[in-house]
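Asks: I have a structure here, written as structure tokens, and I will follow up with some questions on it.
Just so it is clear, none of the values below were taken in a lab; they were calculated from the coordinates. Please read these numbers as outputs of a predicted model, since none were measured by experiment. All Cβ positions, even for glycine, are placed from backbone atoms using ideal geometry, and neighbour counts span all protein chains on display.
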Amino acid sequence: MENLGHIREEARHCTACPLYKHATQTVFGEGPAKAKIVLVGEQPGDSEDLAGKPFVGPAGQILDRALQDAGIAREKTYVTNAVKHFKFEPRGKRRIHSKPNAAEIKICHQWIARELAAIAPDLVIALGATAAQSLMGKAMPVGRNRGHEVTWRDGRRGLITVHPSYLLRIPDAESKAREYKAFVRDLKQAAKLAAT
Ligand code: URA
């Protein structure tokens, strides 16, 4: 069994795709090596790129709240991303998130595959389409597949839900509250699955 620390160290030097050239650092997963639940996001954002930790920015704050509302202790989960370097477009002084493409997702899959092999969790939750694509090896529409058990390409049990930054982008308060509830409902279902 590979040691998670060794994988993390190796990932620090990853040059397998060009994204490392402009990112500050590799943002590897974080959490207990024996976590029962692994949460997979898309890629680090601006805050995560600077901090070197996943989900510490605005999306991470919503995720923390939703996990708490779903009765899941974040510190007991392992949180990581499908793509380990921040991809962005410079715009003035700002760095605007840019979606990773299929090749980048595929190349970076080696890291998530090794993290999951080392952790051997009971359930792997995909937060959004990029994570689902990485774990399934093909595009998986979130709307049609969310909230119930799926089997990932590697045979592991999983669940798909929305990405927390989707909630940040909803302009009207009513829809935002409704979608937040649906997100929490999916996470509660995940907790139930992980316990069975
Ligand atoms: N969005 C992600 O998908 N991952 C992070 O770590 C932060 C924002």
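Asks: May I ask you to sort SER98, SER47 by Cβ crowding, counting other Cβ atoms within 10 Å and putting the fewest first?
Replies: On the way: SER98 12, SER47 16.
So the residues, fewest neighbours to most, are SER98, SER47.
Asks: While we're on this one: If you rank ILE62, ILE112 by fewest surrounding Cβ atoms within 10 Å, what's the result? List each step's numbers first, then the result.
Replies: Values: ILE62 19, ILE112 23.
By the 10 Å Cβ count, ascending, the order reads ILE62, ILE112.
Asks: Across every pair of different alpha-carbon atoms, what Kirkwood hydrodynamic radius in Å does region 30-131 reach? Don't skip to the answer; put the middle values down first.
Replies: Details: mean 1/r = 0.0708 Å⁻¹.
Every distinct Cα pair counted, the radius reaches 14.1 Å.
Asks: Please compute, for the alpha-carbon atoms of region 4-195, the extent along each of the three principal axes and give them in descending order in Å.
Replies: 39, 39, 29
Asks: How big is the dipole moment of the chain about its Cα centre under a simple scheme where the beta carbon of each Lys and Arg is +1, that of each Asp and Glu is -1, and everything else is neutral? Debye, nearest 20, please.
Replies: Values: 31 positive and 21 negative charges, 61 e Å.
Charge dipole of the chain: 300 debye, to the nearest 20.
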